[in-house]
Amino acid sequence: MAPNLHWPDSMFSYDPASRLMYTCDAFGSHYCTEEMFDTDLRAVMPHYRFYYECLMKPNARSVLTALRKCKSEGADFVAICNGHGPLLKFNVEELVADYQRWSEEALEKAMSNTAVFYTSDYGFSDRLSQSIARGLTKADVEVIMMDLNTADTQEIIEAVGRASGIVLLAPPTSGPAADALGAILGSIKSKQKLLIGESYGGMDEPVDTLAVKFASIGVEEVVPALRVRDSPTEATYQQFEESGTDLGQVLTKKETLKRMKSAMSSDVAKALGRVSGGLYVVTAAQGNARSAMVASWIAQASFEPLGFTVAIAKDRAIESLMQVGDTFVLNCLPEAGFEPLMKHFLTRFPPGADRFAGVEWAPAACGAPILKEAAAFMECKVVSRMEAADHWVVYSEVTDGKVFKDEKTATHRRKVASYY
């Protein structure tokens with residue numbers, strides 16, 4: 001009933017006697033608590049949404065198909081027994097409706113589409129492909145996940161034909177996945193955008209060889225082939241996600257600019273541009289993954305406890321490191337001499353690049369970098385997030401801080417509000 005949620009063989013099992021639906025990965029969350037059920041919806045919701053964004057949004061079309069099948073089969077379930085997180089008992093109708101709404105919105109907003117080909121039960125192909133898919137959906141790209149071990153030739157040809165972008169996780173050199181590679185090579189067109197990555201399975205088709213094969217028919221990579229030299233870490237998955245976002249931004253660039261220009265009238269854009277803000281660098285770290293961004297859409301939001309909001313574009317790399325419960329550092333840029341730091345962090349870094357190379361910093365208690373040239377810093381914890389069209393508004397509490405320089409924070413002023 002539910003293929004591709006989030007594996008090709010996923011299924012829902014409905015027990016008419018108890019009216020319980022067993023859903024495997026769907027409707028889950030990576031949230032650990034002593035409570036078995038969804039009694040505290042406010043606590044569950046951020047994790048439920050993030051789980052959907054990472055694992056289910058790349059399969060939004062399959063989500064809607066599964067929900068339609070539930071209805072047509074008369075599966076009037078009263079509770080959902082998922083495979084991860086609290087079981088859904090008290091808020092079933094609302095949480096299922098969220099899946100429906102989020103999936104419909106994802107497809108409505110999609111400006112392009114990409115076929116992601118991976119090989120199940122081989123190395124890290126499935127997990128790495130999910131990271132790329134997550135990056136693509138952050139850029140409003142519809143994703144079609146296809147397992148080269150199980151997809152038939154006609155399915156592959158049709159998926160390639162419909163896609164603007166192609167992602168290929170290197171298959172093994174022999175077996176069904178290797179045989180399926182010919183269908184991709186035979187149906188891809190030169191205008192399509194390509195991203196290749198290693199699967200780290202021990203018998204990968206060499207990515208350089210794959211790149212040469214595609215180049216010989218006029219298809220070039222958007223970014224250099226992604227290589228995995230050791231068991232994937234947080235930094236590896238971050239690199240793959242950022243590469244997916246880069247591909248998505250290439251695919252949607254024209255439509256994004258068109259939408260931005262038509263979003264507001266010239267007079268409104270000029271008026272809103274008169275709203276000024278400070279200049280900051282937000283830094284975050286998890287394991288060996290680190291990220292940063294220049295921010296100006298920041299405002300204090302509470303006195304007790306001390307808290308503020310920061311608006312983060314949905315396709316920002318750092319967004320994945322700023323979920324509810326995560327920690328980060330807000331670095332205030334000084335009014336005098338802020339330009340070198342701002343210029344550095346405004347650089348478009350390639351996926352996986354060290355954003356802090358050449359910058360003096362020290363780790364905060366949470367591990368996020370404190371910039372030594374900052375006027376002040378605040379260590380913060382994410383408390384809640386509000387969705388706002390193309391940004392997330394993140395409310396955080398300040399847990400620590402210090403002033404390094406008795407200087408004002410640099411100010412940022414714009415002429416129009418259609419850009420940062």
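The values are calculated or read from the model by the stated rules, or taken from the named source; none is laboratory data. In this text, all values refer to a predicted model and were calculated from it rather than measured experimentally. Quick reminder, even Gly has a Cβ in these numbers, built from the backbone with ideal geometry, and neighbours come from all protein chains shown. Remember, those area values only see protein heavy atoms, side chains included, never the ligands or the DNA or RNA. Shrake-Rupley method; radii C 1.70, N 1.55, O 1.52, S 1.80 Å.
Could you compute the FRET efficiency for LYS71 and LYS372, with r as their C-beta to C-beta distance and R0 at 41 Å, rounded to 0.05?
Working: r = 58 Å, r/R0 = 1.42.
Between LYS71 and LYS372 the formula returns 0.10.
Split the accessible area of region 180-248 by element, probe 1.4 Å, and carbon with sulfur accounts for 50%. Counting only alpha carbon atoms, the long axis of helix 41-51 and the longest principal axis of the chain meet at about 70°. Note on ALA299 and ALA43: the model spin-label points, each 7 Å out from Cα along the C-beta direction, lie 3.1 nm apart.
With all protein chains kept in place, the per residue accessible area of the chain amounts to 48 square angstrom at a probe of 1.4 angstrom.
Taking 0.36 nm per residue of separation and subtracting the current Cα-Cα distance, fully stretching the chain between THR209 and ALA362 would add 50.9 nm.
Computed from Cα positions, the angle between helix 60-72 and the longest principal axis of the chain comes to roughly 60 degrees. Extending 7 Å from the Cα toward the beta-carbon at both ARG127 and MET11 defines two label points whose distance is 2.7 nm. The Kirkwood hydrodynamic radius of the chain, based on inverse pair distances between different Cα atoms, is 23.1 Å.
Extension gain VAL398-GLU34, at 0.36 nm per residue separation less the Cα-Cα distance, in nm?
128.3 nm
For region 16-174, with all protein chains present and a 1.4 Å probe, just round the carbon and sulfur fraction of the accessible area to a whole percent.
Details: 3430 of 6800 Å².
Accessible surface attributable to carbon and sulfur in region 16-174 totals 50 percent.
The alpha carbons of region 367-420 stretch over 35, 31, 15 Å along the principal axes, in descending order. Segment SER265..GLN100, full-extension length gain: 56.1 nm, with 0.36 nm per residue of separation and the alpha-carbon distance subtracted.
An ellipsoid equivalent to region 211-311, defined through the eigenvalues of its Cα gyration tensor, has semi-axes of 35, 26, 8 Å when rounded to whole angstrom and sorted largest first. Dividing the helix sum by the residues of the chain, where each DSSP H run of 4 or more adds -39500 (n - 2.57), gives a mean residue ellipticity at 222 nm of -10000 deg cm²/dmol.
Computed from backbone phi with θ = phi - 60° and the Karplus coefficients 6.51, -1.76 and 1.60, the 3J(HN,Hα) list for region 13-28 is 10, 10, 9, x, 5, 9, 6, 9, 10, 9, 10, 6, 7, 5, 6, x Hz; x is used for glycine and proline.
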